[in-house]
Ligand SMILES: Nc1nc2c(ncn2[C@@H]2O[C@H](COP(=O)(O)OP(=O)(O)OP(=O)(O)O)[C@@H](O)[C@H]2O)c(=O)[nH]1
Ligand SMILES: [Mg+2]
């Protein structure tokens with residue numbers, strides 16, 4: 001893996017009713033990043049849990065007196081998207097990682113993500129259940145749902161990825177600094193909105209293989225969540241291509257200065273993406 005010794009990494013863990021997994025997750029994340037020998041912070045955002053997740057996180061954070069573990073809390077449950085947004089606001093690493101709290105995905109896998117980022121010069125690397133080298137232990141109906149959702153997303157946004165929903169993602173911080181203020185969705189399809197906006201701005205996205213071990217016998221994603229995710233995805237399409245909402249707010253936002261190299265590369269990619277779009281139309 002590339003040397004991360006002079007870099008700072010922020011790991012954001014959104015947690016909703018995860019009392020059974022949060023301890024293992026935080027300990028494994030600390031072990032992973034201690035092995036990388038880099039600077040890091042772990043920002044756990046409790047999303048209005050009712051099962052004692054918050055006191056558990058506080059207890060764990062108290063054990064690490066170097067301040068690696070920061071704790072944020074929503075008093076009500078607002079959804080994973082808003083929890084991640086809150087985490088990003090407090091993050092000050094050069095790389096930001098989104099990691100689900102339920103230990104379906106072991107944090108050690110992130111080493112491969114950094115390798116892919118370096119090799120492909122990507123700005124974002126996302127875990128993908130559709131990657132040919134992924135090893136999955138999850139039910140057939142979830143596989144079917146992922147495939148259908150991928151087709152929908154491909155049709156609507158032409159994203160160069162096959163799975164937007166997996167709970168392990170690596171971003172260069174500047175990508176999120178630019179994209180986050182434009183995000184509208186708080187719950188479902190939040191990842192989709194980030195990726196669609198980042199892709200539209202010319203950032204490069206690559207997929208990484210994952211090892212996924214489902215911890216819950218019955219997943220928490222029910223029919224209602226699937227329906228809402230589809231509606232939210234349609235709403236992104238509506239905002240992006242019909243009312244051009246994102247173009248309008250871009251004009252209003254005072255975006256933070258970016259590093260020169262990345263800015264140039266981004267402008268070039270934007271131009272190429274624009275040319276391709278013109279060809280397609
Ligand atoms: N479902 C859900 N998860 C949340 C929420 N806020 C934060 N999270 C966290 O987001 C991550 C993903 O949620 P999961 O319920 O595991 O969703 P999933 O991985 O798609 O589905 P299953 O693991 O199969 O149930 C976990 O770390 C949750 O603790 C919320 O409001 N709802
Ligand atoms: Mg999960």
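Computed from the coordinates by the stated procedures, all read-outs in this text should not be read as laboratory data. Quantities reported herein were computed from a predicted structural model and do not represent experimental measurements. FYI the Cβ positions are ideal-geometry reconstructions off the backbone, even for glycines, and counts take in every protein chain you see.
Computed values, structure above
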| quantity | calculated |
| --- | --- |
| Rounded to 10°, Cα long-axis angle of helix 80-90 versus longest principal axis of the chain | 80 degrees |
| Cα shape, region 109-155, gyration tensor, a/c 1.5 rule | oblate |
| Semi-axes of the equivalent ellipsoid for region 1-103, Cα gyration tensor, largest first, Å | 22, 15, 11 |
| Angle between the chain longest axis and helix 190-200 axis [Cα atoms, degrees, rounded to 10] | 40 degrees |
| Prolate/oblate/rounded label for region 117-216 (Cα gyration tensor, a/c 1.5) | prolate |
| Antiparallel content of DSSP bridges confined to region 1-103, in %, to 5 | 0 percent |
| DSSP-defined beta bridges in region 38-188 - what % are antiparallel, rounded to 5 | 55 percent |
| Under the Debye formula (equal points on every Cα, no solvent term), log10 I(q)/I(0) of the chain at q = 0.10 Å⁻¹ | -0.51 |
| Spatial separation of Cα centroids for region 63-109 and region 155-178, in angstrom | 17 Å |
| Mean separation of Cα contacts under 8 Å (6+ apart) over length of region 18-141, as relative contact order % | 27 percent |
| For peptides 68-80, 177-189, 40-52, sequence by mean Cβ density within 10 Å, most packed first | 40-52, 177-189, 68-80 |
| Considering only the chain, percent of DSSP beta bridges that pair antiparallel, nearest 5 | 25 percent |
| Folded to 0 to 90 degrees: helix 223-237 orientation relative to the chain principal axis, Cα | 40 degrees |
| Value of [θ]222 nm, deg cm²/dmol, for the chain, DSSP H segments ≥ 4, -39500 (n - 2.57) each, nearest 500 | -14500 deg cm²/dmol |
| Additional length obtainable on full extension of the chain from residue 187 to residue 245, 0.36 nm per residue less Cα span | 19.0 nm |
| Relative exposure of 123, 35, judged by other C-beta atoms within 10 Å (fewest first) | 35, 123 |
| The chain, relative contact order in percent, only Cα pairs under 8 angstrom and at least six apart counted | 20 percent |
